[in-house]
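The structure under discussion appears below in the form of structure tokens.
Every read-out reported here was derived from the displayed coordinates using simple, explicitly stated rules and does not represent laboratory data. Quick caveat: nothing in here was measured; it's all calculated off a predicted structure. Here Cβ is always computed from backbone atoms with ideal geometry, including for glycine, and neighbour counts include all displayed protein chains.
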Amino acid sequence: ADERAHFLLASHDAGPAFNAKHMVKWRAFLAEYPNFFVMSWNHIIDEDTGFIGDNFIPIPDFYPWQNGDPSGALCSERKRGLMWRGSTTGWTGGGAPYNTSDRYRAVEVLADLPLSSADVKFTRFNQGTTEESIPEKMRSGAVLPFPEQVKYQALLDVDGNANSWSLRDKLGSGVPVVKVNSKRFIQWYYPLLENGKHLLVTDVEGLPAAARRITEDAAVCDAIGKAGKEFYETMLAAQDSGAGDTQGLGLSGILRNFRAYTKPRDWRIKGVV
């Protein structure tokens, strides 16, 4: 038998997703080829279990990092509000209209809050949407660069077609993150994040309350921003040099311990169901 491990590197945004029928075939394949592993930046999880599949390995992505907030300003010193700008991606398909997507619903439930609580708008329109098809209160004509976004009290994070690649940048900015619960996608470091400590995770319906909490409670705002930045510096900022390998989840740690990924694992953020 071939004792060598074989790895398939999946594409960046289109992470592997197996339904129950495909999983049966996949496990039959693994019974014959147990040393075959699929590596991807963007695995799709089972919503009920947080499990991604036998011999599936999430690995770090290599998106270029953006500038964070060099000022180190406290929450009370930044512009009021939960900030987000983005495009109309995240269409779920299957005949469902775009307004059923998490990204649309997130902008919709926050649109009626005062700007001191949330300033969340679409700036780019694609995937079957047009600027005219989005209510005026949910769109903005100007793209706001990331260095300007981090001048606000908090940042919204919500998945689109894939996981939100900018989450790493947002954590590293020192600005607290409110994240819409990812029920489809995961990144390799999610099990190390803790809800309520490194970020706030909520379903779409809980966004207004989360926005008010993070913008009105300066102690919570500052504590979560600080903890998120410390997580970034410890686990994400230098993953290639080994800093991200403290729990075997950085790329080199994964390659040293890849057989651990033959066992089921819950990949969701801690404290999130």
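Structure data summary
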read-out	value
Label-point separation, residue 27 to residue 76 (7 Å along Cα→Cβ), nm	5.7 nm
Zero-based 5 Å bins, Cα pair distances in the range 125-170, whole percents	5, 15, 19, 26, 23, 12, 1
Filter on 121/197; 137/270; 229/263; 79/179; 25/179; 183/229 - keep pairs with C-alpha separation over 29 Å	137/270; 229/263; 25/179
Extension gain from residue 133 to residue 270, taking 0.36 nm per residue of separation minus the Cα-Cα distance	45.6 nm
FRET efficiency for residue 48 and residue 263, using Cβ-Cβ distance with R0 set to 22 Å, rounded to 0.05	0.75
Spacing of the two label points (7 Å from each Cα toward its C-beta) at residue 256 and residue 8, in nm	2.9 nm
